[in-house]
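Undergrad: Once you've had a glance at the structure underneath, I'll fire off some questions.
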Amino acid sequence: MRRISAAIAIICLGAGSAIGWAAAQQPQPGVPPAVQQAKPGAPPPATPPPTVEDAVRAVRSDLQNTRAAIIAKNVTFTPEQAAKFWPLFETYQKEQSQILNDQMRGIQHYVDSFQTLDDTAALTLINAHLDRDARVNALRQTWLAEFLKVLPARLAVRVIQIDRRVSLAQQVEFTSKIPLVY
């Protein structure tokens, strides 16, 4: 089971890394350094093979960096807007990360036990997915109101649209690697 968990985490890490690399080829003015990625071609640091926890942390980091880089490339902020928006967006991502952490733990539990899953556990799994969707939607509604305090409506809506599209694409990529309940 650990091998399946590690394989899923590493596959997701690779998919997130490829998306992030393509989206963040050039630094963006006004984007915090934390969301800008290293230049391609830089030699990778020598590290031991990742543990499942390391892979999950890396996936989460890639997802956040990818999201911010895509928004930076698709939304033009004035310097004043950028100075107000990016700190809010970082806080939004921290809250989003908590939801993602819960999802990762649930998926890890499922991967570890999917071959012996009973009806109760199967219902728990799908209810956790539905709960995650509801929590993310509620979070977006809350943060749309916050973004509207520092951005014009069209820019705030565009940020939420991009965030939602990226999230949907990542969810499809991620969940397609998870075995269906049988």
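The values are calculated or read from the model by the stated rules, or taken from the named source; none is laboratory data. This one's a predicted model, so the numbers in the text were calculated from it and none came from an experiment. Here Cβ is always computed from backbone atoms with ideal geometry, including for glycine, and neighbour counts include all displayed protein chains.
Undergrad: Hey, any hits in the range 109-131 for a residue that's of a type in the set (A, V, I, L, M, F, W, C) and either within 16 Å of the chain's Cα centre (by Cα) or closer than 24 Å to A69 by Cβ (or both)?
TA: No, that holds for no residue.
Undergrad: I would also like to ask the following. Regarding the range 154-162, can at least one residue be identified that is of a type in the set (S, T, N, Q) and modelled with pLDDT under 90?
TA: Within the range 154-162, not a single residue is of a type in the set (S, T, N, Q) and modelled with pLDDT under 90.
To keep it simple, each residue is scored yes or no on (1) touching a strand residue (DSSP E or B) at 6+ places or on another chain (Cβ under 8 Å); (2) among the polar types (S, T, N, Q); (3) within 22 Å of Q161 (Cβ to Cβ).
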| position | (1), (2), (3) |
| --- | --- |
| T78 | no, yes, yes |
| K84 | no, no, yes |
| L88 | no, no, yes |
| Q93 | no, yes, yes |
| I99 | no, no, yes |
| M104 | no, no, no |
| Q115 | no, yes, no |
| T120 | no, yes, no |
| I126 | no, no, no |
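Undergrad: When only residues in the range 76-113 that are closer than 17 Å to R140 by Cα and hydrophobic (A, V, I, L, M, F, W, C) count, which is surrounded by the most Cβ atoms within 10 Å (Cβ to Cβ)?
TA: F89
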